[in-house]
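Chemist: One structure follows; several queries about it will come next.
Each value in this text was obtained by applying a stated rule to the coordinates, not by laboratory testing. Not measured: the values here are computed from a predicted model. Cβ placement follows ideal geometry from the backbone for every residue including glycine, while neighbour counts extend to all protein chains displayed.
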Amino acid sequence: MPLGAGLAVFRRRKWLGLLIFLIPAAAITGATRTLPSIYESIASLLVEHQQAADRLVGPSDADSLEERLRTISQKILSREQLVQLVTQYNLYPDLQARLPADLVVERMRKDLRLEFKTERDTSGRDSTTAINLSYRGRDPELVAAVANAVATLFVEENVRVRDLQTAGATAFLQSQVDEAKRQLADQERLMNAFKVNHLGELPEQQASNLAALERLNAQLRALNDRERGVLDRRDALTRPRTASLPDATVPLESPEARLARLRIDLAALRAKYTDEYPEIVRTKEEIAALERRFAAQGRGAPGEVDLTARDFQGALAQVDAELAALRSQEELLRRSMAAYEQQVQNAPRIEGELQRLAGDYTAAKERHASLVRRYEEAQLKERMQQLGVQQFRILDSALPSPQPVAPRRLRILLMGLVLSAGAAVGAVLLAEAHSGSFHTVDDLRAFTRVPVLVSIPPIVTAVDARRNRLKSALAVVGAVLSTVTIALASAYLARGNDLLAGLLTPGKL
């Protein structure tokens, strides 16, 4: 926009621009002059790490420290603790008179700040090395006192929480160690009882079971051979002898031998049956025929076999007794073999159950060892902390601040004037763009193709001049009154408004 056109616009819209500039400028000026001064004091806490502690109790203790820091911070910022501080130092008396306690506590949480400074140690972990504790308020002496009180509370709470955590952890781990020891003893008793109850079925005994089973099989085979021999002897005593047709492979029995065998068979039959039994009758007839044959040949019959029924019964009883003894031995062998076979068959199941018990026992043993190790570490931590390991120390106490940190009045005032000027320029340009008026002949010619024949300048009469001067005077009075009213109102609203002072301070939110 050319300079001449800009000056023309300013002359036409000067009152609008001046009013738009004065309203926010007056509001910002009034508020800036009456905003309360906010002071801030900072207390620095040093977190002392000792390398001996890290070597003895391990890196996990640093994690415990970080957790304790967060716990203490929550405790310090708790409602109960902040209410005590508000009551002790009579903080925010105007807010206490008109707001609930929860809102007063929330206001103090905003004014109280904790800043943790961390550094990366040699193990690659971020550990807290210092804590900056700051507090804001109107009275610099009171602000410094509150900051130091909170820092002292932080140190005392750290000692209390550390002792409680260490003692509680030690007692808890002691109970856990006792419980793990009891469970380990129970698992050991279960495993020992299981081994006793399944003696002979354990996996390490299977080789001996198989060897014993093979040995019993060999004994059974030998016993079966003996039984077959005894059975053959018994059959020789009890089986009736009947004539059989000769064949090419069996030699014919002599008459004398046949007569002797028939007499033996007759004695055996008489031991079991009466003389009317058909086989006895047939055997007698065959014996008589052989005797007659020998008589016809002029040979005497072989002498009678000296085998009475009593002798036969004795021989038979002896054979039966031997057979019974062999069968009794066989039964014992088969029972022993069945027991070993059952043990071999049960081996996979027993092995599975034993592995489960062994796994439970191993887990209980590892848990007990782990708890014992942690318990010893907890005891060591407790002793090291009693020697001053990982203490908090107030490095710098809070001092009353000579200069307020908020509000930054000059900066706020300059920013307000710049914003007011920008708002005024914007309002003027907006009004000029939407006015719809033609202020020069060139504007009219640019708008229409109808030729402009004549241009008549404004004709101002004396009455018009007086009327314009009156309007201007009224506008000036109205602008002044509006500006003063807005300035007074903003000053009233800003008086004692600590929150607004903080919000209007860049970088202090």
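Chemist: Give me the one-decimal nm value for the distance between modelled label points at GLU291 and GLU376, 7 Å along each residue's Cα-to-Cβ direction.
Modeler: My value for the distance between the label points is 10.6 nm.
Chemist: Here is a further query. State, to one decimal in nm, how far the label point of THR485 lies from the label point of SER336, with both points 7 Å from Cα in the Cβ direction.
Modeler: 12.5
Chemist: Turning to a different aspect of this structure: List the lysines whose Cα sits under 16 Å from the Cα of LYS181, skipping any in the same chain fewer than 8 residues away.
Modeler: List returned: LYS365.
Chemist: In nanometres, what is the gap between the two model label sites at ASP139 and ARG33, each 7 Å from Cα along Cα-to-Cβ?
Modeler: Simple spin-label model gives 2.8 nm for this pair.
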